[in-house]
Structures are given as C-alpha cells and as structure tokens.
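The values are calculated or read from the model by the stated rules, or taken from the named source; none is laboratory data. Nothing here was measured: the structure is a model prediction, and the numbers come from that model. Here Cβ is always computed from backbone atoms with ideal geometry, including for glycine, and neighbour counts include all displayed protein chains.
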C-alpha cells in the first residue's frame, strides 16, 4: 500500500482563480424556461460563456435555438451581468440584469425584454427574485425561484427547482387574464462521467391557457433529458 | 454562486464535480507535468479544490510537487502521506477494566457526555454492534473505491468512547451518553495487521467534519507532518472542536497530528512522554467492542486517546463554556506524577475542576505505577 501511495501527489487549486472564463455546451430534449417550452417541445442546442472577475463582477451570455411560436423561430440569447458578494465560505448575494433577445416576429411586438434580479445562495441552495416591466414584451412580471441540489454520491446529485411567476396583466393585449400567479417546478437527477454531465428531470407548470394552448404542449409536464460539457 | 443563464433543466446546479476552471487548470497541469488526475474533492473551508495526481513510475512525486509548488496556478501541493492507525491490536486473555482505572462508575453519576457529539476518523466501525447500537450517527466513508465496512480498529476505538451503559451487554464507554460520528478514512489490509490512511482520505473526512462539526474529534492515527491536514485541524480547533491525537511511541517524531499545536497528544500509560504536553491514558488490556458483535482486549495509544476523547466529552458535557484550550489545560493539570514517572489523566480530578460537587476521595489516583501493575496481563 505504501508503494502505491508513494507515487501519488496532492495539489490544491484556489476555488476562485483571479479571473476565469468558463463555458458550457448543452443538448436538451426541450428548452424549458420557467416551466414553459421555448422550443415548442423540440430539442435545443445551447452554448454559454461566463466571465468571473475576482472583484465579484460577472458577465456572460447564452445562445440557444428557440421556437416560441411558428412565427418566432431562430436563435435566442440571454446576455447578463452583475455583481456577487461572497459572505464567508458558504454564502453569497448577487444582483444583476439580464436581457432576453428573441427572433423578431413578422408582425406584432417583440418578445425581447430585460429584467433585474437579486439573489442569495447558501451552499447548494439559492433563491432569486426577478422583476421586469415588460415580461416577454407584455406587462410587468415578477418571478421568484428557489433552486437546490444535493450530492447523493461523488457523481450523482439530485436537483430541485420551484418558481412563482406573477403577472399583473394578460400576456396578449386585449385577452382576459385567467390567473395572475403561476407555479413551475423541476425535480431531477444529474450524473457525471467522461467530462459530461447527464440530466434527467421532470418539469411542469400550471400556467393558464392564455399562455399555453393545450394543443401546443408547451406547458405540459414533461421529462427533459440533457447532456452538457463544461470547458 | 451567482446567476447562471439557461434552461434550468440543464444540470448546472452545483453538481459535485470541479468547477470548469479548476478542472481545466488541473488538466493543464496534468498534461504539463506528466501526471494523471485520479480524483478531486472540494475543500470549501480552505477555499480550494484538491486533486489527487498519480505520478507515473520512474518519476519522483517529490519532483512533481516541487514544480507544482512553484506554479502560480497551484495554491499548494504535497506528496500524499501515509498514516498508521496507532496501537498494537493485541488481544489479551485477562479482563482488566479501564472503567476501574478511570473510576467511571463514580464519574457517570455526574457526567455521561449527554448531548455531546464526538467524531472519530478511523477505520470502519461495526455499526450493528450490540454495544454501539443507538450510539452512532452519520457514518461516512471517505476511502475511494470501497464501501463502509466494519473493521477492528475503528470498532475498538468507538466502544471505548461511547459503548452503551446499562444495556445488559458488554462494556461501558467513557462517555456513554455521547453520540459518535464514525468517519471511515482509514482501511485495514487483509494481509497486514495494520490500518492505514492517506493525507487525502483524512482531508476529505476533515472537510466533511468541518461542515458537520462535532464537539470532540478523536484521531487515533499518526504519521508525518502534513500541510493540508494541519490547516484543516487548525480550522477545526478554531471552530471550537477539541481534537485528540494518539502519539506513536515508536515514532514520536512522526506522531502528527498529535504533535500539532492545540491537539491534545495522548500516549499509553507506561510509555515515556515523547511529545511536548502529552498526557497519558490507560493503554493496556482495555476491553472494548470488537468485530462480530463481540468484545476483546486492546492495547496501545490509539485506545488511550479514545478514552481521553471520552473524558473530553465528559468535560464538555459538564460545561459548554469549555473550549479546546480549556479542556487541554484541565487534562494536563490533572496528570499525577510520582518521581520520574507520570501517571495517566486523573479523570475524576479533571471533572471535579468543573463539577465542584464531585468528591474525588473515593477515586483518587494514588500512584501511577501501582495502577499499571494492576493492569498488567499476559499477552497472548
């Protein structure tokens, strides 16, 4: 046993390098955003980049194929920036802005919008509050989410998410509001191997008919399979 | 720990693997310095993530470490050290109760270690042992590629600390109302009677323990001084954990972590003091829990340390204001001397210092040598 161990060395790298650029490429069976499909229940290929500065400032972006309706098909993006303040070793607060960009519809208003967020995290648990004055190009929207994960073994984790969206106005101008508040959830498991992370989750929302026509399936509870690679 | 974009269905919620940047740095280092990454583990208490590197045959790990230390991307690097679980594991025929030597019956009228959490980092404990049932919580394994298995050393150490009282079977631990967290970071080899641990398995257990802190930590193991473990032990003491370590009488210079400042160094009574500030505990013919639900005799500083951890739990249970330093001072102040000889800790006297009502006339330790004579028994 000694002979084997004698050939082994131990090195430790700082948890936060002075500044770091990280990226992820993911393939998902469905692009669910707050419970709703942004690809009309089709697969999505996504790439994201995040830059973290040692001061706590961070910025990044994500691009993905989207298909919000037959008229809005193409590449969508999220661009964001903010500041994270670490409190001790386990906790952090963050604040920032994220802009969502979607293909321009041939007629009618754009779905693009910007929202601000504040968040708090402790270990593998985080919560965040978002506000926009024009949710997907409509009226004001407030969204609150709690996310958590727990490692079951070195390579398998369970993940969970619960979100609450409050809209004061109907999404489509002139239509009636079925419900102001909707809840969405995710429960899943992730596993890692060969440099890839595999995910399997159940996603659902109780978003009303005006947001999700039943025939579209975009708000139906579904299983999402994903594989991603960090670099 | 901040906002990340994308579909939340993507598996990005802090999984167990290294964050990409650290993993990438580790991969680059592995390619540049010619080693293979075997495993990784976050050490948030030190703000680092550590990687185990396998150095190919023909290359010296010391050379690789020297180069890594000079690399600005590396926070620290070291060779993985081997630690031995201290003690002889020698079985004995004749029963000599350490309970008598420590006067446990009298002490337990005042203190039993109720609500005190003790952790041991050792080999596996037989969790189903009838004398340990209900006494253990949060058993965890930190030895890669193995499952938590019951082993001799860990089971014996656990029994001395917390074996259940008045259950009609077996023995009474020094702190029978305390609960024990048995962390397995050492393993026993089939072909050798010794148990070993490595810097890495011990560091993983320490990291876990810092997130789930006990009041007392027993480390019945010894090896060369280790930088990463030193830092984790300092964190533990800073957090108010009383750390007890066993002195290896054959290699006092390699008796880390007992030699680390702030750790209560414990040797077996009858052996010379080898480490500054060392205290002694009964160390021979100690009946304790053994594998397969039975009991047997053990000797050695591992088991002396286990009992001193038990006494530390009694002290902490008696006064929650006591910090690691206070407990260390109290124990050292209650070491009887007889000429050149040093006896083992006077547990009653130590406890009386926080329990004025405890009358130690019943159980004053008279001469260290006479007690040891009583305890001597033939080896198998």
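Scan B:130, B:150 and give me the residue that is away from every other protein chain (no Cβ under 14 Å), over 22 Å from the mean Cα position of the chain (by Cα), closer than 20 Å to residue B:297 by Cβ and modelled with pLDDT of 85 or more.
One residue alone meets the criteria, B:130.
For region A:29-54, how many residues meet the condition of being more than 9 Å from chain B (Cβ to nearest Cβ) and part of a strand (DSSP E or B)?
Of the residues in that region, 7 qualify.
Inspect region B:171-179 for any residue being over 24 Å from residue B:111 (Cα atoms), modelled with pLDDT of 90 or more and over 16 Å from the mean Cα position of the chain (by Cα) and give the result as yes or no.
So far as region B:171-179 goes, no, none of its residues is over 24 Å from residue B:111 (Cα atoms), modelled with pLDDT of 90 or more and over 16 Å from the mean Cα position of the chain (by Cα).
Does residue B:145 satisfy being more than 25 Å from residue B:260 (Cβ to Cβ) and in contact with a helix residue (DSSP H, G or I) (Cβ under 6 Å, 6 or more places away or on another chain)?
No, not satisfied.
Taking the condition surrounded by fewer than 19 Cβ atoms within 10 Å (Cβ to Cβ) and closer than 29 Å to residue B:132 by Cα, does residue B:255 pass?
So residue B:255 does not fit the description; no.
Scan region A:78-94 residue by residue and report those that are more than 28 Å from residue B:43 (Cβ to Cβ) and surrounded by fewer than 17 Cβ atoms within 10 Å (Cβ to Cβ).
A:79, A:81
Within region B:243-265, does at least one residue satisfy the condition of being more than 22 Å from residue B:205 (Cβ to Cβ) and part of a strand (DSSP E or B)?
no
Determine if region A:55-69 includes at least one residue that is in contact with a helix residue (DSSP H, G or I) (Cβ under 7 Å, 6 or more places away or on another chain) and either surrounded by 15 or more Cβ atoms within 10 Å (Cβ to Cβ) or more than 8 Å from chain B (Cβ to nearest Cβ) (or both).
Looking for residues that are in contact with a helix residue (DSSP H, G or I) (Cβ under 7 Å, 6 or more places away or on another chain) and either surrounded by 15 or more Cβ atoms within 10 Å (Cβ to Cβ) or more than 8 Å from chain B (Cβ to nearest Cβ) (or both), one finds none in region A:55-69, hence no.
Does any residue of region A:64-81 turn out to be over 26 Å from residue A:43 (Cα atoms) and either touching a residue at least 12 places away in the same chain (Cβ under 8 Å) or not in a strand (DSSP E or B) (or both)?
Within region A:64-81, one or more residues are over 26 Å from residue A:43 (Cα atoms) and either touching a residue at least 12 places away in the same chain (Cβ under 8 Å) or not in a strand (DSSP E or B) (or both).
In the set A:82, A:76, which member is within 8 Å of another protein chain (Cβ to nearest Cβ) and modelled with pLDDT of 90 or more?
A:82
For region B:21-40, state whether one or more residues are under 26 Å from the mean Cα position of the chain (by Cα), farther than 15 Å from residue A:195 by Cβ and surrounded by 20 or more Cβ atoms within 10 Å (Cβ to Cβ).
No, every residue in region B:21-40 fails to be under 26 Å from the mean Cα position of the chain (by Cα), farther than 15 Å from residue A:195 by Cβ and surrounded by 20 or more Cβ atoms within 10 Å (Cβ to Cβ).
In region A:1-22, which residues are more than 7 Å from every other protein chain (Cβ to nearest Cβ) and either at pLDDT 75 or above or in contact with a strand residue (DSSP E or B) (Cβ under 8 Å, 6 or more places away or on another chain) (or both)?
A:16, A:19, A:21
Take region B:236-252 and flag every residue that is more than 12 Å from the chain's Cα centre (by Cα) and over 14 Å from residue B:328 (Cβ atoms).
Within region B:236-252, B:238, B:239, B:248, B:249, B:250, B:251, B:252 meet the criteria.
For residue B:325, work out the one condition from (1) buried (at least 24 other Cβ atoms within 10 Å of the Cβ); (2) part of a helix (DSSP H, G or I) it doesn't fulfil.
(1)
Where in region B:1-81 are the strands (runs of 3 or more DSSP E), entirely inside, with at least 2 residues that are modelled with pLDDT under 80 and more than 7 Å from chain A (Cβ to nearest Cβ)?
The strands (runs of 3 or more DSSP E) meeting that bar are B:36-43.
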